Structures are given as C-alpha cells and as structure tokens.
Amino acid sequence: MKLFLSMGWETIKKSNLYMFGFISSVIFLILWAIGPYLAPYNPLYSDFDSFNLPPSSQHWFGTDQVGMDIFSRVISAPRIDLTIAFLANIISVVIGSILGVITGYYKNWWSEALARILDLIQVFPSFILAMTAVVISGQNIQNLIIVIGIFNVPIYARLVRSKVYAVRESKFIEAAICTGNSDRRILFFHILPSSLQPAYIQFSVVLGWVILLVSSLSFVGVGVRPPTAEWGAMISTGVPQILIGHWWIPIFPGLALGLCVLSFGIMGEALNKIMDPTRL
Amino acid sequence: MGKYVLKRLFIMVIQLLGVVVFVFFILRLLPGDPAIVQAGPFASEEAIEITRKEMGLDKPLFEQFIAYMKQLTKGDLGESYVTGNDVADDLRIRFSATISLVIIATIGATLIAIPLGIFQALHPDSLFDRITNIYGLLAGSWPDFFVGLILIYLFFYLLGWAPPPDGKMSPLIFPPKFITGSYLVDGLITGNFEAARSAASHLVLPSIALIISYCGVIMKMMRTTMIHVLESDFIRYANLIGLPKKVVRNYAIRNALSPVISLIGIRIGVMIGGTVLIEQVFSLGGLGQYAVQSASMSDYNALTGFLIVACIITLVSLLAVDLIQASVDPRIRY
C-alpha cells in the first residue's frame, strides 16, 4: 500500500495534467464534505432584494432569479451530486463485479445469455432508460440512486468479465481446482480478488459519467428537484435567463459540473497509468 | 455481402424481440406502481384500482405480457393522457425532427473527427496534436445541453447571428405541408424555401452543440487506433518494400477505421439521449421534448412508447453501422 501510494505520487507529480486533476478532485471532495459550511450565504435562502444580480464582490457568481446566491449554491452542490454518484456507483461496482465473475467463469447457456443481456443494456440510450425508470418507480433520490446504479452494472460486469477470462487460465486457478476447492470457493476466493482491478481503476471515470447523468436528469426535471442546490437543476433554471443575457445563472454551475467530471476523468487516467505504467 | 446482410437482419429481429421483452420486464419489475403514476397525483384509492384494472395490471404477469405483445404487433402504443392522442401518432409527427438532428450530428461529427484523428496520429506531439488533445479531454466532460446554452449565449444573445431557440422554425412563417415532418425537407419538397431556410437555420446551433460534444471521443479513438496500426508489422513491411507514403497511409487508415466505426455505432445510443436534452434547450419539438414532457407529467404510455422507439432507433443505427463496417472491412464479411 505504501509502495503504491509513493508510486502514485511519483506518477502524478510528473505530469501537470495529473496534478491538475488531483488537486481539483481533492477540492471537490472537500466541498462534498464541508461545502455547505463554507458557503457565504445559505444556499436555499432567497433574498428578495437581490434578483438577477451580475457577479460582484458581494455575490461572486451573482444571484439567480429568486435571489439565491449562486456561489453558495455551486459549492454546496457537490454534497448532493457526489453522494448520489458515489452510492449509485457502489451499487454498480458490487453487482457488476459479481455478475462479471459469474458470467466470465461459467461457460453454459445461462451465463452466456446473461452476458448477452448485459451487453444489450449497454447499447441502449442510458439517459432515456434512466429517465423512464425514475419516473415510473417514483421520483425521489433513493430511486434515482437505485436506477442509475442498476443501469451502470453492465460497465463493470464487462470489465471484470474480460479480466476473468485471463485469470481463469492462470496456473494458480488450476492449482486451486486440483486441490479440490469447490466452484463457489474458487470463484469468490481466488478469481474475484484478482479480477477486480479493472473495475476499481474505472471507478473514478464512471463516477464522472454518473455525475453527468444525475445532472442531466435533474436538468429535465426528473432528478433532484429545485430549489435543492444541484448543478443540473441550476443550469435548467438558467435556460430562460440566458436568452435575456443573464449568463451567470447557468454558466457557473455548468463550469463547476464540467470541471468536476473532467477531474475525476483525469484521476481515472492517472490511476490507469499507476497500475499499468506501460500503457500509453 | 448479401449473406452477411441477411445474417445481420436476422440478428436484428432477435434483438428487437429482446428489446421488447426487456422493456416490458424492466417496467414491471421496477419498484413503484404504474397505476399510481397513470392515475395522476390526486387520484383516490378506487380510481387507482380502476386504472389498475384498465391497464390489466391485476392479471398475472404472463397474461399481461401476451396482451402487451398483441398490442405491439398492431402498432398500438396506447393513448397519451396528456395530449389525448394515440402515442404512435404523437411519436410519428415528432419523429423526423429528432432523426434529422441525429443524422446531421452523427455525419458531421464523423466527418470532422476522423480526419482530425488521422492528422493527429500522423503528427503526434505536434502543436496541433496537443491542442486537439485538450479539446478531446474537455469535450467529454461538459454535457451537450450546456454546450448548447453557451452557443445560444454567444451566437444569439451577443452576436445575433443565430435565430432564437424558439422551435423548429420561426413561428412567424407559415409551416409547409406535412410530408416527412421535417420542416427543412418538407419546405424543400413543396417549394416553400422561406420555411426551409428558417428550419435549416434553427438546426445549426443544436447540430454544432452535438458535434462539439461527440467529436472528441471519436477523434481520440481514431488517433489511438491509427497510432497502433502505424506501428504494426504490415505497415512496417509496406514501408520497407518502398511503397509510396500515400499508399501506406491509406492502408493504415482503412485498417484503423473499423473499430472507430463500431465506436460511432455505440455512441449513437448516447447521442439519442443527448438529443433529448438538446431538443429541450432549443425547444425543437421532437421526440425528446415529447419524452421530457411525458416524464414530467408521468405519462406512462407515452414514455414507454418513446422508450421502445428510442431502442429501435438505436438498433437500426447499429445495423447501419455494422453494414458500413462490413463494406469497409472485408474481414467482417467472411
């Protein structure tokens, strides 16, 4: 672990890009933990004396059409966005890894069929699937997490499955079979631990995608509802405003959202590099 | 080739069946009760019970499935309780607005991304390579609807070059006769060039937004595969026996295209999702806006109808991509 950390730090230090991604990710994680306490105003307080104010020294990012301080809302938003994204992603990783191991290890018709179904789900417009599913299962944050978590299962199942194909042929599995371990034991004690690496390398990248998905859903009014401070919902309230030139209402939340996704993406790439330095 | 096309069509029929079954079960197995959604937020217990009977939700799952399949084979998607029309009709009217956007954006993104990727791969680590790499990194991080918003601010509000995002065409112009549903095509067919021009100008910004968002991934893929191919043995061999540079380059491009084309196919599904959001921003009145409206009103039939249509569009575009791929790469045909 210590070796891994020092190696990781060496890799990050060498590249400006990784350094940028690392610092920015850390900032977003800090905002997730204490963002609402750092906010200069209450993110849900609407001040009736200050509608649509452009950015100024009092309101760094301006105020929106109901007088809420945009800066406070932008830095409070990671709380909800990252929480949903983390929980959904954990559901996907757990179920996806298990399904990946099972479909990779067993070679019979039902595991084959399961693998095909997972592949098929991945081809479909995930945003549309998620939107439909959230509406039908009832629009609340709990269902949002479950739905997104389930629809991202194939990503991890696929990653783990392809790793299992390689691990399954290795000598130590052969040895485990020869010494008379049961199928289930080989599966969960021998193959699973050595097949998880691609899944947790990808975790950070998928986290970014999930944040994009959550904010897209909120943008069309299916995810997190206003006035909760959430990037997608904030951009959505700014759509009519940008037509009359109030650019600061949607632009700042949008920039924060993109920056967050970008940093987690870069961190994913950095992790890839740390785990496998020979990669491009 | 003919044999491959037949085989691929057969696979699509199976996939279609799979989609229909999948959509049915995913909707039934999800937590939540469609009857409550369909009956509306203020329905009483009895009203919900009646709706449940009407929708056939009180019958066993298998019977429901048979009824649903029967309905589908007739092309009947039920009635939308928001618009009061047949969902199939609603979708038909809006279909071409969405499809024209998806087609324009896919072709545009492909035509821009592939040459960029090839150029990058031929000149790695040049200034151009670095700039486009930064673009590739940024493009995937910002949602397409946000890109659309920025374009609106720049080109409509600040510069005044683009029309306002007020629909498929200017509301002041009399729309052309309904033929395909796309005002651009209908206007051209009926000779209503004013409408066609207005419709075209209303498509420019949404298409650019989609192209900006989806170009990056394709470009990155093209660059990586091209670099990979350029390092492979057969290219080295072709260079060593002294084939002209241009010939070698074309060998490499043809080999690198195949995985890129299949990536484009996979991205089309994502792009259809993105189109939903873009339509919302530009109020283009296509399938996407209809879906969002149905979602916000919890219009069950309309939503499921849209979901099936979106899945079918995805499958058809996958088919198209596979056929294109087969014509580019003979290894797939045989």
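Between the range B:284-313 and the range A:73-112, the C-alpha centres lie 26 angstrom from each other. Taking the square roots of 5 times each eigenvalue of the Cα gyration tensor of the range A:174-280, largest first, gives ellipsoid semi-axes of 44, 17, 7 Å.
Counts of other chain beta carbons within 10 angstrom of each beta carbon in peptide A:133-146 average 5.
Shape class of the range B:1-115 from the Cα gyration tensor (axes a ≥ b ≥ c, square roots of the eigenvalues): prolate, since a/c reaches 1.5 or more and a/b is larger than b/c. Within the accessible surface of the protein assembly as shown, defined with a 1.4 Å probe on protein heavy atoms only, the carbon and sulfur portion equals 68 percent. Working from label points 7 Å from Cα in the Cα-to-Cβ sense, the A:Trp110 to A:Arg184 distance is 1.4 nm. Relative to one another, the C-alpha centroids of the range A:136-165 and the range B:145-205 are positioned 38 Å apart. The C-alpha atoms of chain B occupy a region whose extents along the principal axes are 82, 51, 39 Å, arranged from largest to smallest.
Its DSSP H runs of at least 4 residues, each contributing -39,500 (n - 2.57), put the calculated 222 nm mean residue ellipticity of chain B at -25000 deg cm²/dmol, to the nearest 500.
I'd like the FRET efficiency for B:Asn85 and B:Ile14, computed as 1/(1 + (r/R0)^6) with the beta carbon distance as r and R0 of 30 Å, rounded to 0.05. Plugging the Cβ-Cβ distance into 1/(1 + (r/R0)^6) gives 0.40.
Were the residues from A:Gln241 through A:Tyr200 laid out at 0.36 nm apart, the gain over their Cα-Cα distance would be 10.7 nm. Over chain A, dividing the summed -39,500 (n - 2.57) contributions of all DSSP H runs of at least 4 residues by the number of residues returns a 222 nm mean residue ellipticity of -24000 deg cm²/dmol.
Positive end of the dipole of chain B (Cβ unit charges, origin at the Cα centre): among B:Gln280, B:Tyr237, B:Ala209, the Cα lying farthest that way belongs to B:Tyr237. For the pair B:Arg236 and B:Ile324, a Förster radius of 22 Å applied to the C-beta separation gives a FRET efficiency near 0.15, rounded to the nearest 0.05. Counting only Cα atoms, the size of the range A:60-118 along its three principal axes is 61, 17, 13 Å, in decreasing order. Take each residue in B:145-153, count the other chain C-beta atoms within 10 Å of its C-beta, and the mean is 6.
Inter-chain neighbour count for A:236-247: the average number of beta-carbon atoms from partner chains within 10 Å of each residue's beta-carbon is 4. Distance from the C-alpha centroid of the range B:72-100 to that of the range A:23-60: 43 Å, rounded to the whole angstrom. Each principal axis of the Cα cloud of chain A was evaluated for its coordinate range; sorted largest first, these ranges are 77, 47, 29 Å.
Ranking of B:Phe146, B:Phe95, B:Phe22 by solvent-accessible surface, largest first: B:Phe95, B:Phe22, B:Phe146 (1.4 Å probe, protein heavy atoms only, all chains present). At 27 Å minimum axial length over the Cα atoms and a Kyte-Doolittle cut of 1.0, report the qualifying DSSP H helices in chain A, or say none. Those that clear 27 Å and a mean of 1.0 are A:16-38, A:70-105, A:197-219, A:248-275. Taken across both chains, chains B and A shield about 3800 Å² of accessible surface from a 1.4 Å probe. First check a/c for the range A:231-271, with a ≥ b ≥ c the square roots of the eigenvalues of its C-alpha gyration tensor; if it is under 1.5, answer rounded, and if not, answer prolate when a/b is larger than b/c or oblate otherwise. Taking the square roots of the gyration eigenvalues as a ≥ b ≥ c, the range A:231-271 is prolate. Exceeding 25 Å between C-alpha atoms, which entries from my cross-link table qualify? They are B:Lys168/B:Lys220; A:Lys107/A:Lys171; B:Lys3/B:Lys70; A:Lys13/A:Lys171. Over 25 Å apart, Cα to Cα: B:Lys168/B:Lys220; B:Lys3/B:Lys70; A:Lys13/A:Lys171. Assuming a ≥ b ≥ c are the square roots of the Cα gyration tensor eigenvalues, decide whether the protein assembly as shown counts as rounded (a/c under 1.5), prolate (otherwise, with a/b larger than b/c) or oblate. Rounded. Between A:Leu17, A:Leu207, A:Leu82, the Gaussian network model of chain A with springs among Cα atoms under 10 angstrom shows the greatest mean-square fluctuation at A:Leu17.
The values are calculated or read from the model by the stated rules, or taken from the named source; none is laboratory data. Note that the coordinates shown come from a computational prediction; the quantities given were computed from them, not determined experimentally. We place every Cβ from the backbone using ideal geometry, glycine too, and count neighbours over all the protein chains shown. These accessible areas exclude ligands, DNA and RNA; they are computed on the full protein's heavy atoms, side chains included. Shrake-Rupley method; radii C 1.70, N 1.55, O 1.52, S 1.80 Å.
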